[in-house]
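So the structure is just underneath, and the comments pick up after that.
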Amino acid sequence: QGSSKGPTGAFPHLSSNSRLEYLIDDAVTILSFKVNGVEVDDEQLYIIGVTSFVADGNEGCKSWTRSNRLRNAAWDDSFISKVLLQYLSCHRTITPLLEGRVKKR
């Protein structure tokens, strides 16, 4: 689902050990989703990390609002923007790579 401005962030960003393959026809169909080379099991419970913004259902991610939320008090006053700025202040050169984590078929 998208907004008037285009696609939303409704799909989470994937870590380097994850691969997602999907198809868009009348709807989005996930063809394959693997972590560490192993297909994700629909019956298995997983712990994932998302920002509070996404967990609160923003960007069209309404399914996250039905999940149990685990909190780490150490991160309660942290904002991703501050963490990112701190990282960038220490690492002046960033070299982005396309790793093929997400593929549209």
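At a glance:
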item: The stretch 59-74, subset of a type outside the set (D, E, K, R) and without any contact (Cβ under 8 Å) to a residue 12 or more places away in the chain, residue most open to solvent (accessible area, probe 1.4 Å); result: 68
item: Which listed residue is within 18 Å of the chain's Cα centre (by Cα) and hydroxyl-bearing (Ser, Thr, Tyr), from 89, 81; result: 81
item: Condition met for residue 65 (outside any loop (DSSP other than H, G, I, E, B) and hydroxyl-bearing (Ser, Thr, Tyr)); result: yes
item: Pairs, first free of Cβ contacts under 8 Å to residues at least 40 places away in the same chain and surrounded by 12 or more Cβ atoms within 10 Å (Cβ to Cβ) in the stretch 23-42, second among the β-branched types (Val, Ile, Thr) and in a loop (DSSP other than H, G, I, E, B), C-beta under 7 Å, six or more apart; result: 33/40; 34/40
item: Count of the stretch 75-105 residues which are in a helix (DSSP H, G or I) and either in contact with a helix residue (DSSP H, G or I) (Cβ under 6 Å, 6 or more places away or on another chain) or loosely packed, with under 10 Cβ neighbours inside 10 Å (or both); result: 3
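The values are calculated or read from the model by the stated rules, or taken from the named source; none is laboratory data. Keep in mind that this is a model prediction, so the values were computed, not measured. Ideal geometry is used to build each Cβ from the backbone, glycine not excepted, and the neighbour counts take in all protein chains shown. Remember, those area values only see protein heavy atoms, side chains included, never the ligands or the DNA or RNA. Shrake-Rupley method; radii C 1.70, N 1.55, O 1.52, S 1.80 Å.
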